[in-house]
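First comes the structure, then the notes that go with it.
The values are calculated or read from the model by the stated rules, or taken from the named source; none is laboratory data. These numbers come from a predicted model, not from an experiment. Reconstructed Cβ throughout: ideal geometry from the backbone, glycine too, with neighbour counts over all protein chains shown.
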Amino acid sequence: MTITTVQTEAQRIIDLESRYVVHSYNRAPFVLAHGEGVYLYDTEGNRYLDLMAGIAVNALGYGDPELARVIAEQAADLIHVCNLYHTAPHAELAARLCELSFADRVFFNNSGSEANETAIKFARKWARQRGGDDKTQIVTFTNAFHGRTTGALAITPREKYQAPFRPLLPDVVTVPFNDITAAMSAIGPQTCAVFVEPVQGEGGIHEADADFLMALRKLCDSYSAALIFDEVQCGLGRTGTLWAYEAAGVTPDIMTLAKPLAGGLPIGAVLVTDSIAQAIQPGDHGSTFAGGPLVCRAAQVVLERVSWPGFLMHVREVGNYLKESLLALDSPLIKEVRGRGLMLGVELAVEAAQVIQAGYAHGLIMVNAGANVLRLVPPLIFEQEHVDELIDSLDAILSALA
């Protein structure tokens, strides 16, 4: 196949997308064809070092042999039945998630937004049983991101995202992130739930202070409110511990998971204590596709791999090396480097989009977290040699922009 033919095929795909797909994304100007390890390849044969991992999804990278084998085996046996029937992967995954966390029970979904919608419903019903019909307020924090569906959007305080779709879910209060005094003023007898990301992702890679999370735990206990940790992006090994909340030593009543759990297949999970679970009865919530045998079997593979102590140590070591290497870059365009593990944010003096666009020519795939923050969330199998490759290219890009 000649270069001209490949280029024509890529343009054909781009033209089809432009003609038939709702334009809700601005996509990169190439067509991805396959991946291997931490690299992606387009239809023209260009190779890209992946610093995005499908937005913190592809923890095991691309073409992982074990994951591919298990998916193929399960697909040959059973892909879908529905939640009116028992299947082994569903039950076994739930048990393992509980064994590895604070939780007593699990409800499965298909995405992070759905998981947060479920958490809202569970918290509202649980709180109503404990405090009456007026106990409905949800507290969230500045720079939070919990999803794009209507309930999750209501607790995602972004004017740009919310304005076209109001009115949204009522009784939501937003207070400054990491501000204990503000939290104390907002949380009270009317509060049913407090939603917080232990490490904010879309909001710019901001870590919650341990004292802040401890204060939220005490306030929720005092007012019989559910403390909900959204670990959709920061959970499952991303920060160097299996759960991001481990760094603060604070456990929630509900935790939501999604992105990396099934290695790229759609899944969400809501982990809850027995107290929360007892408020939910058959018929209160449901999902046709959630907890299917194919995605749950894939999730078992990912969970076992990322929870292995040696794997988590690797994430911490490579994450520390990446952070140190970024801090060593001598660029006037870098204002701050923050985050932990392989969830880092580089705050820039220019728009992150400029760096992302320039990165394509240098063989880098990157993503932003706000207008001026470059978000680095590569596959968790990243190695130091990949960090060096990134730093060399990033240094050249920043030098050219400066």
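General remarks:
- Within region 195-224, restricting attention to residues that are of a type in the set (D, E, K, R) and touching a Phe, Trp or Tyr at 6+ places or on another chain (Cβ under 9 Å), the residue that is surrounded by the fewest Cβ atoms within 10 Å (Cβ to Cβ) is GLU202.
- Selection count where residues are under 13 Å from ASP50 (Cα atoms) and without any contact (Cβ under 8 Å) to a residue 60 or more places away in the chain, scope region 333-358: 1
- Condition check for VAL355: buried (at least 24 other Cβ atoms within 10 Å of the Cβ) and in contact with a strand residue (DSSP E or B) (Cβ under 7 Å, 6 or more places away or on another chain): no
- Some residue of region 271-291 being within 21 Å of ALA53 (Cβ to Cβ) and within 18 Å of the chain's Cα centre (by Cα): no
- Filter result (surrounded by fewer than 24 Cβ atoms within 10 Å (Cβ to Cβ) and in a helix (DSSP H, G or I)) within region 235-275: GLU246, ALA247, ASP274, SER275
Each row is one residue, and each column tells you yes or no for (1) under 19 Å from GLU36 (Cα atoms); (2) in contact with an Asp or Glu (Cβ under 8 Å, 6 or more places away or on another chain); (3) in a loop (DSSP other than H, G, I, E, B); (4) modelled with pLDDT under 95.
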| site | (1), (2), (3), (4) |
| --- | --- |
| SER331 | no, yes, yes, no |
| GLN354 | no, no, no, no |
| TYR360 | yes, no, no, no |
| GLY370 | no, yes, yes, yes |
| PRO378 | yes, yes, yes, no |
| ASP392 | no, no, no, no |
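- When the helices (runs of 4 or more DSSP H) confined to region 1-100 are screened for residues that are among the polar types (S, T, N, Q), those reaching at least 1 such residues are found at 3-20, 65-77.
For (1) touching a Phe, Trp or Tyr at 6+ places or on another chain (Cβ under 8 Å); (2) at pLDDT 95 or above; (3) assigned to a loop (DSSP other than H, G, I, E, B), each residue gets a yes or a no:
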site	(1), (2), (3)
LEU153	yes, yes, no
THR156	yes, yes, yes
PRO164	no, yes, no
PRO170	no, yes, yes
THR174	yes, yes, no
THR181	no, yes, no
MET184	no, yes, no
PRO189	yes, yes, yes
ALA193	no, yes, no
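- Test: residue in region 176-188 that is in the same structural domain as ILE254 (by TED's automatic domain parsing) and under 22 Å from GLY112 (Cα atoms): yes
- In region 119-175, residue farthest from ALA371 (Cα to Cα) [restricted to those that are crowded, with 19+ Cβ neighbours inside 10 Å and among the small types (Gly, Ala, Ser)]: ALA127
- Close pairs from region 319-330: first on the phi < 0 side of the Ramachandran plot, partner outside any helix (DSSP H, G or I) and hydroxyl-bearing (Ser, Thr, Tyr), Cβ under 9 Å, at least 6 apart: GLY319/THR239
- Listed by first and then second residue, the pairs with beta-carbon distance under 8 Å, at least 6 apart or on different chains, first residue in region 66-77 and over 14 Å from GLN300 (Cα atoms) and assigned by TED's automatic domain parsing to the domain that holds LEU303, second among the aliphatic types (A, V, I, L, M) and in a helix (DSSP H, G or I), are ALA75/LEU294.
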